[in-house]
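First the structure, in the form of structure tokens, and then the observations on it.
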Amino acid sequence: MTKGPSFEELLGKASRSAVHLEMRDSYGIGDEAEDFDNWKRTGKRDVDPASDYWTPWVDLIRCTVARGVVVRRARVVSEPATDYIRYEHAGSVVNVHAGEQVRWLPRRRASDIALPGNDCWVFDSETVLFNHFTGNGHWAEPGWEVRTELAVAQLASTAFEAVWARAVPHDEYRLTP
């Protein structure tokens, strides 16, 4: 097991695809804390792609997509959704605007899918970057792990594609009350 290259390095090397499988119902906010607190207070989220908060991500994804790399994100979520998932849903319009394709899969529809133990990014179906979190959703040490074994890449790729096939596109997914 190795921590390996960063997300940005792996994304920069991707030539065909970068897919992200998210399976947690909450994350330890970190740099999102102020925006998350504001959203909880007001119900309004920063969805300006040109804001200081979003610009680095939007620029990164736009450049990646412009190189011909397809960027997809699938989220497996419990229903009714947690506040954090509601917050993510409210901001996903910016992910889509940047060039990502985003889908949502209710957890109850994922019971028969073999899923990896951690959230992950898969680059070109060959390299997997696992994200490691603590129980309360903060980054664990080390925060990520890169794996290139064929079996690991196949597991993560197959899991993502199974989730993607069942998931609902972002513009059609409605959060349950």
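Look through Trp164, Trp139, Trp144 and report the one residue that is at pLDDT 95 or above and of a type in the set (Phe, Trp, Tyr).
Among Trp164, Trp139, Trp144, only Trp164 is at pLDDT 95 or above and of a type in the set (Phe, Trp, Tyr).
Residues that are among the hydroxyl-bearing types (Ser, Thr, Tyr) and surrounded by 12 or more Cβ atoms within 10 Å (Cβ to Cβ), at least 1 per element: which strands (runs of 3 or more DSSP E) completely within region 109-173 meet that?
In region 109-173, 127-133 are the strands (runs of 3 or more DSSP E) which contain 1 or more residues that are among the hydroxyl-bearing types (Ser, Thr, Tyr) and surrounded by 12 or more Cβ atoms within 10 Å (Cβ to Cβ).
Out of the residues in region 41-64 that are within 16 Å of the chain's Cα centre (by Cα) and among the hydrophobic types (A, V, I, L, M, F, W, C), which is farthest from Ala18 (Cα to Cα)?
Among them, the one singled out is Trp54.
Kindly indicate whether Arg103 is closer than 21 Å to Ser26 by Cβ, out of contact with any Gly (no Cβ under 8 Å at 6 or more places or on another chain) and not hydroxyl-bearing (Ser, Thr, Tyr).
So Arg103 fits the description; yes.
Looking at (1) over 12 Å from the mean Cα position of the chain (by Cα); (2) of a type in the set (Asp, Glu); (3) within 25 Å of Pro169 (Cβ to Cβ); (4) crowded, with 16+ Cβ neighbours inside 10 Å, which one does Glu79 not meet, given that it meets all the others?
Against the list (1) over 12 Å from the mean Cα position of the chain (by Cα); (2) of a type in the set (Asp, Glu); (3) within 25 Å of Pro169 (Cβ to Cβ); (4) crowded, with 16+ Cβ neighbours inside 10 Å, Glu79 comes up short only on (4).
Might you check whether a residue that is within 15 Å of Asp171 (Cβ to Cβ), part of a helix (DSSP H, G or I) and either in contact with a Phe, Trp or Tyr (Cβ under 6 Å, 6 or more places away or on another chain) or of a type in the set (Asp, Glu) (or both) occurs anywhere in region 90-99?
Within region 90-99 (the criterion being within 15 Å of Asp171 (Cβ to Cβ), part of a helix (DSSP H, G or I) and either in contact with a Phe, Trp or Tyr (Cβ under 6 Å, 6 or more places away or on another chain) or of a type in the set (Asp, Glu) (or both)), the answer is yes, since at least one residue qualifies.
In region 41-50, what residues are surrounded by 12 or more Cβ atoms within 10 Å (Cβ to Cβ) and either part of a helix (DSSP H, G or I) or at pLDDT 95 or above (or both)?
Result: Val47, Asp48, Pro49.
Looking only at region 11-28, how many residues end up being touching a Pro at 6+ places or on another chain (Cβ under 9 Å) and either of a type in the set (Val, Ile, Thr) or under 22 Å from Pro80 (Cα atoms) (or both)?
Qualifying residue count for the region: 2.
Mind checking which pairs have a first residue in region 80-100 that is at negative phi and a second that is hydroxyl-bearing (Ser, Thr, Tyr) and surrounded by fewer than 17 Cβ atoms within 10 Å (Cβ to Cβ), Cβ under 7 Å, 6 or more apart or different chains?
Going by the 7 Å Cβ cut-off, the qualifying pairs are Pro80/Thr176; Ala81/Thr176; Thr82/Ser26; Tyr84/Ser26.
Within region 1-29, which residues are touching a residue at least 12 places away in the same chain (Cβ under 8 Å) and of a type in the set (D, E, K, R)?
If the condition is that a residue be touching a residue at least 12 places away in the same chain (Cβ under 8 Å) and of a type in the set (D, E, K, R), then Lys3, Glu8, Lys13, Arg16, Glu22, Arg24, Asp25 are the ones that fit.
Scan region 30-40 and give yes if some residue there is crowded, with 17+ Cβ neighbours inside 10 Å, in contact (Cβ under 8 Å) with a residue 60 or more places away in the chain and not in a strand (DSSP E or B), otherwise no.
So far as region 30-40 goes, no, none of its residues is crowded, with 17+ Cβ neighbours inside 10 Å, in contact (Cβ under 8 Å) with a residue 60 or more places away in the chain and not in a strand (DSSP E or B).
Identify, from the list Tyr27, Tyr84, the residue that is of a type outside the set (S, T, N, Q), closer than 21 Å to His132 by Cα, touching a helix residue (DSSP H, G or I) at 6+ places or on another chain (Cβ under 9 Å) and assigned to a helix (DSSP H, G or I).
Within the list Tyr27, Tyr84, the selection yields Tyr84.
Considering each of Val94, Val70 in turn, give the residue that is surrounded by 20 or more Cβ atoms within 10 Å (Cβ to Cβ) and at pLDDT 95 or above.
Only one candidate passes the filter, namely Val94.
The values are calculated or read from the model by the stated rules, or taken from the named source; none is laboratory data. Being a predicted model, the structure only gives us computed values, none of them experimental. All Cβ positions, glycine included, derive from the backbone under ideal geometry; neighbour counts span all protein chains shown.
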